[in-house]
Structures are given as structure tokens and as C-alpha cells.
Amino acid sequence: MSESAKPGEKLAGLRFWAGWLGAGLALGFLLSIIWWALLEPAAAGNDVAELTIPAGTAAAVARGEPAPFIPNSLSLGRNRELVVRNNDVAGHKVGAWTVPPGGVAVIKAAAGTGDLICSVHPSGYLDIQIDSRPAFATVLLQSALVGLPFGLAAAIAVRVGRRLQMDEQAAGSA
């Protein structure tokens, strides 16, 4: 648009760009919602994670060896529950709970990831990861990151296409 454009033309130009950017945002939002809905973590079922402490674990930890068949980290589903079964002859501390020999504890982990104090590991910690969908606020950010460039590219393509069409019409009438 030139400096001599009429106010009505400026408003039409503004509506043109706003319409295409809005359409891009709407498409970006739709794609982000679909992505968010499909992004259900693999371990996020309602299954309860289980940690079984085998016999001989306390002796192995006392020698500074890794505990037999004990993972260094666990992923918990959306219910965030961990069942600890102690088949060892000594009690073991996992988080705030001490699980006696032959005992069972159900631990509800806090949201997010982190370490639980764990006497089963020589390091003294068990890495816990909570599988969940990303926060819904990420959908809004993705909508803008995907939608605005898409809407801008579409608006430029339409504007260029109209110019080419006008040039062809002008050449045909001459």
C-alpha cells in the first residue's frame, strides 16, 4: 500500500492480514490440540509400577555393589503409584517409607520427576520420572509458533497470486 491509500483501503488491507493470521492461528491451534490429545505417554496407563527388592540386596549394598535386578530409575504412569515389595532380610527405606522384611508399601509420588531416597542403591537415590502429557499451555505456544508463520505465508501467497492475476489481466487487455 502507498502513502496515498484511502482509509477504506487501509482497513481492507488490515482485515486481509488479520484474517489470514487468524486463520493460521486457528489451524495451528487445531493441530496443537490434536497433537496434545494423541501424546499420551506409553507408560501413562493406570498400571501400578512395582519394585521388588530381592533377597541379598542389603548384603550387596553393604559391600558397595549394585543391588541385583534393581533399576536405577523408574517411570510411573499417570496414577503415580509405586508398589515396593521387600523380599530381603533387612528393612529398606524408599522415600519417606521404611519397608520391613517381607513387607509391602504403596508410594504415591509427587508430580514431575526427581529422586527418592532409596537404601537399595549404593548412591542412596532412585530416579523417578512421572509420565504425563505436556501442560495445556504448551498448546497455546505451539499454536502461535505454527499458526503465525503459516498464516503469514498463506497471506503472502494469496497477495502474490492476486498481483500476478492482475498483471495477466492488464497484459490481456492491452
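The values are calculated or read from the model by the stated rules, or taken from the named source; none is laboratory data. From a predicted model like this one, the values you see are computed outputs, not experimental measurements. All Cβ positions, even for glycine, are placed from backbone atoms using ideal geometry, and neighbour counts span all protein chains on display.
Outside any helix (DSSP H, G or I) and at pLDDT 75 or above: does that describe L30? Considered against the rule, which asks whether it is outside any helix (DSSP H, G or I) and at pLDDT 75 or above, L30 comes out as no. Among the residues making up region 96-136, those that are small (G, A, S) and either modelled with pLDDT under 80 or out of contact with any strand residue (DSSP E or B) (no Cβ under 7 Å at 6 or more places or on another chain) (or both) are A96, A109, A110, A111, G112, G114, S119, S123, G124, S132, A135. Residues that are in a strand (DSSP E or B) and farther than 16 Å from Y125 by Cβ within region 76-97 comprise E81, V83, R85, N86, listed in sequence order. A count restricted to region 59-89 and to residues that are crowded, with 17+ Cβ neighbours inside 10 Å and without any contact (Cβ under 8 Å) to a residue 40 or more places away in the chain stands at 4.
Of the residues in region 37-45, not one is modelled with pLDDT of 85 or more, under 25 Å from L145 (Cβ atoms) and touching a Gly at 6+ places or on another chain (Cβ under 8 Å).
Pairs linking a residue in region 101-118 that is hydroxyl-bearing (S, T, Y) to a residue that is at pLDDT below 80 and part of a strand (DSSP E or B), with Cβ atoms under 7 Å and 6 or more positions apart or on different chains, are T113/I128; T113/Q129; T113/I130.
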